[in-house]
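The values are calculated or read from the model by the stated rules, or taken from the named source; none is laboratory data. As the structure is a prediction and not an experimental result, all values here were calculated from the model. Positions of Cβ are backbone-derived with ideal geometry, glycine not excepted, and every protein chain shown enters the neighbour counts. Surface accessibility is based on the protein's heavy atoms, side chains included, excluding ligands, DNA and RNA. Shrake-Rupley method; radii C 1.70, N 1.55, O 1.52, S 1.80 Å.
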Amino acid sequence: MWLNPEEVLLKNALKLWVTERSNDFFLLQRRRGRGESTGRITGLLVGALDTVLDSNARVSPFRVLLQVPGSQISWVIASGAAIEEVNRHWDWLVHNLLHSLSVFENKEDVASFVKGKVKGLIAEEVRGRQAAQEEDPEKFREALLKFELRFGLPSSEKLVTYYSCCCWKGRVPRQGLLYLSINHMAFYSFLLGKEVRFVIPWAEVTRLERVSAGLMTEAIRVNTRRRQRDFSMFLNLDEAFGVVGQLADIALRRLLDSEGLELDRVLQQPARITKRILEEQALREYVLALFRLPRGERLHEVASCSVWTPHARCHTSGTLYTADNYLCFSSREEGSCVLLVPLTEVQHVHPLPFVSSERSAVHDNYVDTGFSVHFLFLREILHSFSLLHFHHDLIIPIEEQVLRNTVNSEALMTAFHQNQPSEEQVKERLWDDHFTEFGRGVHMFRTEKIQRLVATGIPESLRGELWMTLSDASSELEAHQGYYTGLVQKSMGHSSLATEEIERDLHRSLPDHPAFQNPTGIAALRRVLTAYAHRNPKIGYCQSMNILASVLLLYAKEEEAFWLLVAVCERMLPDYFNRRVIGAQVDQSVFEELIRERLPELAEHVPDLSSLSSVSLSWFLTLFLSVLPFHSAVRVVDCFFFHGIKAVLQLGLAVLDANAAQLCASTDDGQAGGHGGDTDVPAVRHANITDLINESYEKFGDLTVRQIERLRCRHRIRVLQAHEDTTKENALRLVTPDVSIPPENLADVYDLFKAAAWSYGDSGRSYLERQYRLDRPQFKSLYGLLVPWPGDLSQHTDTVANRAFTLLDQDRDSLVTFREFAGWLDTLYCEDLNEKIRLLYRLHIPPGFAPGVEGDVKEDYQEQLKQMLKDLAKEKEKDVEKPLPLMNQWEFIQFCKTLYSMFHGEPEENDLFQAIATVTSLVLQIGEASHRGHDSAGSEVTEDGGRGDGSSTPEWTVSYAQIVASLLTEQALVNFFEKPVSLSEKIAEAKEKQYHQRAGLLTLQQAAR
């Protein structure tokens, strides 16, 4: 393969390599010990060396070198494991390059030309590999080349796919190509001599929607904070809209909430994202949501098949999905027949003969789980199906813990049983009949009949079992025997913020139920919540988890309740129970769109649905447990465990539909919200909960999991961007009163500040620790972009950046806040000469400058720092200027070096250098005179300033006032510091440079992986 040219010393290389072929400019070499007929001692030694080396350090046995005549330096430009591969590269060089190289008079130009050509070949190979993953490689390679040429994005920017479409400007459509890459969407059109070209970063997309208005056919509308773009006339609009939504969602989750929203491992590596990967990821998300599988499950095979349904005595057509630990079947009509088979329960899999006059290539596979399941596959599916790993015998039970006897072995409802109505016995008989016909356990057939039984209500005696079955928490329990008791033993007795919050909420959990009016129920609830907080510290404990866990404990054993809580928090309601409840807000946004779509009259009367959303948020977080009577709410939980979030969405629509007349009659949004938030909403007060649930299925039951997942993907973009907007508004509101930077510029500075934190983020810090804060490398990066004077690229400039960070890090946590950064920038761009010199002066005295320890603050100056901060805080109140500590000679020399470094590139550079030389000479004379004439004052400075060397000799010092007075004597320096600098232009340049810095860092990170 071709390699980026790498220097080697030919003299030393000859000891380990043998030259097989050569000419004036190229060498083909073989590693000693490879391909030799006889084992010479040198070859044996080299071969032994290669054998013991780590696989990453081993050298390919064949290589091609570029050599310049008369030089001992050569460059490796190709290598290979086989001689045939390297010979192909050699032949290409001989036939395409060798004859052309003789025209170069300067031999060094030969090396530059060949190295450039090899790098071009490598780039072409990369394009080829990327194109090979597409359906039409040649066409994609051509599009990739145009994408690189037209937009000039960094080489690390990977094109995912492209579409032919129109971009509308008013009523004028422009036909062109829409390119979708990992970080951008870009459009190019050239029509009737007019070129249109623009790029939209995914990070700026705030909303995606499908619209149809005016002359446009159905179009994709992309909204950013500054404008909107409409794209239409796609050959396949559904596909394009899905890919656009996925890429925007992935980019925003990676940037804005990578900790709270876990991405698939493949999606965490942008360079590996292709259109095929996106399609597979969309299917995986759908399957996880449909069958409510653990988030870590990987999808392996998808096959059309038929399953024998004994209750219907026929084969039902559908799709079989095979994952790490499950076989999942769904009928063609979603929800009519669902089957989930954990591989831990599979005992045998073998094909049975099946005779058919129409389809001789069909095999019947018998899966024995104790309740047999027959699948019909095409013959080509059999091989991949046989590769699945059925590991029911690999479960290793954890050793039973001593604490087992402290865990309740029965549901709390057993001990606090209330009178059982006669209808419960009827329900039990119906469910017994259903088990007989459809099976019992996780692998039972889930059909429309079980939906009707769930809507009618699960009997209390079976509720815990069926919740475990429908959520598949039973499989987790079986696979982790003893896990819960071990967690209880580890977690109980430990104190943390989560345990403190749990203790506060224990007695607020179903306070009216007798089970939680005594120590038994409270202790069980404490153990479950504390164990879960210990298991998942990212979530820890969130409000509403106590209500949910209380209900689970009533109907399930304590250990079962724990695994039910795991299923709800980690699978069925992803991202609900975290610091920002992103998942709940996303579903709230989905709910609003469904209201506009399914209840248009209500949406028309209440245009701002936020009032309804603020009320309905508790419906989603507590599954209606906090807003409905207990026995009614438990029926909702039954439906939730069967249908997931779909049940909550459609029931919410049914509640609003039942109250639509009253809501439309309300006079304002607040009154409308009040109707929806009433605990005894009219729909529940005047109608049986069973009727309300049945109505939700009849009117809104056509809502599918696939639709919900697509809506979630789109609305997650809006929710994340809304969070960022709120965060930005709060930060700017706090900082604006303290600075003179124009609001529009301050907003741009915030964007640069945030982007710096993303680009060089410390993965060891949490999201809260990273928010609004820069560490030292991040600060130095942004310092170089926004510092107003051009300066040079010397080491001293980096030193000054270190000092600025140390000075701004007032609370000594190695982080600089946006407020501190904005104050520093305000001084540089908006303050007068005195304040700018004052800032530079402070950079060269402690704590900004500590001799011998650049970038660190000496402990001796901690008290001085605290006093300085107190003085600065009182400065504005008293309207007096506090004296700064004196500067010694070494610090003044560093101060002069900083001034020299600031003038490089200035038009008046020579005048400025002369001026600073004059000022330096003047200040040195002042300091020397002070040193000779004021011995006693010098001793006092040493004593008070704490910067003496311990001897009685006073040190050389000058004051801030003396330096300012000296600088004012030189008009060139005064003009330099008083010359206005355009912050807007500096910000525009910084944005461009920062983008390329981030792209370069991304390339390095990908290479590291």
Hey, does segment 609-619 have a residue that's under 25 Å from Asp249 (Cα atoms), in contact (Cβ under 8 Å) with a residue 24 or more places away in the chain, hydrophobic (A, V, I, L, M, F, W, C) and crowded, with 23+ Cβ neighbours inside 10 Å? no
Restricting attention to segment 727-782, and to residues there that are at pLDDT 90 or above, within 21 Å of Arg226 (Cβ to Cβ) and among the β-branched types (Val, Ile, Thr), which single residue is surrounded by the fewest Cβ atoms within 10 Å (Cβ to Cβ)? Thr736
Return yes or no: is Leu487 of a type outside the set (D, E, K, R) and either assigned to a loop (DSSP other than H, G, I, E, B) or open to solvent by 10 Å² or more (accessible area, probe 1.4 Å) (or both)? yes
Check whether at least one residue in segment 430-445 is within 23 Å of Pro310 (Cα to Cα), assigned to a strand (DSSP E or B) and open to solvent by 10 Å² or more (accessible area, probe 1.4 Å), and report yes or no. no
Among residues of segment 206-235 being within 17 Å of Gly176 (Cβ to Cβ) and part of a loop (DSSP other than H, G, I, E, B), the residue nearest to the chain's Cα centre (by Cα) is Phe234
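Yes or no, residue by residue, for (1) hydrophobic (A, V, I, L, M, F, W, C); (2) assigned to a helix (DSSP H, G or I); (3) free of Cβ contacts under 8 Å to residues at least 60 places away in the same chain; (4) within 30 Å of Lys427 (Cα to Cα):
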site	(1), (2), (3), (4)
Phe577	yes, no, yes, no
Asp587	no, yes, no, no
Phe624	yes, no, yes, yes
Val627	yes, no, yes, yes
Val655	yes, yes, yes, yes
Which of the residues spanning segment 308-326 are over 27 Å from Ala567 (Cα atoms) and buried (at least 17 other Cβ atoms within 10 Å of the Cβ)? Thr309, Thr316
From the list Ala801, Ala850, which one is open to solvent by less than 20 Å² (accessible area, probe 1.4 Å), outside any loop (DSSP other than H, G, I, E, B) and at pLDDT below 90? Ala801
Among what's in segment 288-321 and is part of a strand (DSSP E or B) and aromatic (Phe, Trp, Tyr), pick the residue that is modelled with the highest pLDDT. Tyr321
Quick check on Ala531: is it without any contact (Cβ under 8 Å) to a residue 60 or more places away in the chain, farther than 21 Å from Val634 by Cα and in contact with a helix residue (DSSP H, G or I) (Cβ under 6 Å, 6 or more places away or on another chain)? yes
Criterion violated by Ala873 - all others in (1) surrounded by 14 or more Cβ atoms within 10 Å (Cβ to Cβ); (2) hydrophobic (A, V, I, L, M, F, W, C); (3) part of a helix (DSSP H, G or I); (4) at pLDDT below 90 satisfied: (1)
Hey, can you tell me all the residues within segment 627-657 that are among the polar types (S, T, N, Q), surrounded by fewer than 23 Cβ atoms within 10 Å (Cβ to Cβ) and within 32 Å of the chain's Cα centre (by Cα)? none
Those residues that are in a loop (DSSP other than H, G, I, E, B) and closer than 13 Å to Arg527 by Cβ, I need them from segment 490-508; list them, please. Met492, Gly493, His494
